[in-house]
Amino acid sequence: RLASMGELAGSIIHEINQPLAAIAASAAACRRWMAAGPERLDRVLASLDRVVEEGQRAGAIISGLKSLIQNVSAESAPFDFDGATREVCTLIMSELARENVLLETDFAADLPMAFGNRVQMQQVLMNLARNAIEAMRASPARRVLTISTGQQGSFLSLRVADTGIGFAPAEAELLFRPLYTTRQGGMGLGLSISRRIAIAHGGSLHAEPGAGGGAVFQLLLPME
Ligand code: ADP
């Protein structure tokens, strides 16, 4: 786990160099426009805006790393898988309504307790649900988020399916690569952190294209 964290940190450092270079370049441009006289105030302001934007981007990357480190040291205990799932569904209700997404649930009855960190499991589900909502922005006709729970061997299973843009079968592993993103303003950390959480629990997180389009993510966590 430490080795893969080192790898992640390496790519984050690489990523932070970009906003830093942009900040330095924009500050230099700003200085040149100011030295040229007061009539190019518009250029001065545009350069400063870029400095602010890139600074915020670097900050966001740092907080992504911070949450990863916090995630790694969290404690495990038995918890109610079904209750934790329902709680997240309630939390995202207003977001779903705002985005015109229909939520369908299929919760297995009498599931055994899970073993792990309840908050982290909820973070993973929240992240999967948000990604699903994001992926459905481009498909206005039918937006359905399906969350289902069940049991698979000695694991508890959580499936999150959507009717969004989906991805090609060959991309399924690429999505989990740190910093991989196709979203404007995306950081590409959500899925890699989510998978790390699943693996740290002795479970797994996988993606596959949905049978009728869209995407399906499956989280497996050990039972108590
Ligand atoms: P981010 O959301 O910042 O891009 P993630 O690690 O959460 O980072 O996701 C990485 C990429 O995986 C996304 O940019 C998107 O291309 C793809 N992806 C994630 N969830 C879905 C989904 N439900 N449907 C289609 N593509 C997805």
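The values are calculated or read from the model by the stated rules, or taken from the named source; none is laboratory data. Computed from a prediction, not measured in an experiment: that's the story for all the values here. Counting neighbours? That spans all protein chains shown, and the Cβs are built from the backbone with ideal geometry, glycine included. Quick note on the areas: whole protein, heavy atoms, side chains included, nothing else; ligands and nucleic acids left out. Shrake-Rupley method; radii C 1.70, N 1.55, O 1.52, S 1.80 Å.
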- line: Quick calc: nm separation of the 7 Å Cα→Cβ label points for S154 and L20 -> 4.6 nm
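Using a Förster distance of 30 angstrom, determine the FRET efficiency expected from the C-beta separation of A138 and A211, and round it to 0.05. Kindly include the intermediate steps, with their values, before the conclusion.
Numbers: r = 19 Å, r/R0 = 0.64.
FRET efficiency, A138 to A211: 0.95.
How big is the charge dipole of the stretch 126-174 about its Cα centre, in debye rounded to the nearest 20, if each Lys and Arg gets +1 on its Cβ and each Asp and Glu gets -1 on its Cβ? Intermediate values should be presented prior to the final figure.
Details: 5 positive and 4 negative charges, 50 e Å.
Dipole size: approximately 240 debye.
At 0.36 nm per residue, minus the direct Cα-Cα distance, what do M34 and L48 gain on full extension? Give it in nm, one decimal, please. Could you put the intermediate results ahead of the total?
Details: separation 14, 0.36 × 14 = 5.04 nm, distance 1.13 nm.
Computed gain between M34 and L48 is 3.9 nm.
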query: Mind listing P(r) for the chain? All alpha-carbon pairs, 10 Å bins, whole percents.
result: 7, 28, 30, 19, 9, 5, 1, 0
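Suppose all protein chains stay in the model; what accessible area per residue would a 1.4 Å probe give for the chain, in Å²? Intermediate results must be reported in sequence, preceding the final value.
Values: 12170 Å² over 224 residues.
That works out to 54 Å² for each residue.
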field: q = 0.14, 0.15, 0.20, 0.22 Å⁻¹: log10 I(q)/I(0) that the Debye formula gives for the stretch 55-173, counting C-alpha atoms only
entry: -0.73, -0.83, -1.21, -1.27
message: What is the angle, in °, between the Cα long axis of helix 2-35 and the longest principal axis of the Cα atoms in the chain? Nearest 10 is fine, range 0 to 90.
response: 30 degrees
message: How large are Rg and Dmax for the stretch 91-136 when calculated on the C-alpha trace, in angstrom?
response: 12.7, 34
Dipole axis of the chain (+1 Lys, Arg; -1 Asp, Glu on Cβ), positive-most option in P112, M136, L158: M136
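Throw me the Rg/Rh for the stretch 106-190, computed over C-alpha atoms with Kirkwood Rh, two decimals. All intermediate terms of the calculation are to be shown ahead of the outcome.
Numbers: Rg = 14.6 Å, Rh = 14.6 Å.
Taking Rh as the inverse mean 1/r over Cα pairs, Rg/Rh reads 0.99.
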task: Taking the Cα centre of the chain as origin, work out the dipole magnitude from +1 charges on Lys and Arg Cβ and -1 charges on Asp and Glu Cβ, in debye rounded to 20.
output: 760 debye
- prompt: Build a GNM of the chain with springs between Cα atoms under 10 Å: which of P112, P140, P209 gets the top mean-square fluctuation?
  reply: P140
Computed E for E87/D110 - FRET, C-beta separation, R0 30 angstrom, nearest 0.05: 0.95
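What does the net charge come to around M223 if you take all other residues with beta carbon closer than 13 Å to its beta carbon, with K and R at +1 and D and E at -1? Before the final figure, lay out the partial values.
Numbers: positive: none; negative: D80, D82, D110, E224.
Every neighbour counted, the sum reads -4.
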- prompt: Once the Cβ-Cβ distance between A97 and Q122 is put in as r, and R0 is 22 Å, what FRET efficiency do you end up with, to the nearest 0.05?
  reply: 0.65
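If I compute solvent accessible area with a 1.4 Å probe over the protein chains, what percent of it on the chain is carbon and sulfur? Provide the component values of the computation, followed by the final result.
On the way: 6830 of 12170 Å².
On the chain, the fraction of accessible area on carbon and sulfur atoms equals 56 percent.
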- request: Place +1 on the Cβ of every Lys and Arg and -1 on the Cβ of every Asp and Glu in the chain, take the dipole about the Cα centre, and give the residue among S148, A28, I13 whose Cα lies farthest towards its positive end.
  value: A28
query: With all pairs of different alpha carbon atoms counted, what Kirkwood hydrodynamic radius in Å does the stretch 145-194 show?
result: 12.8 Å
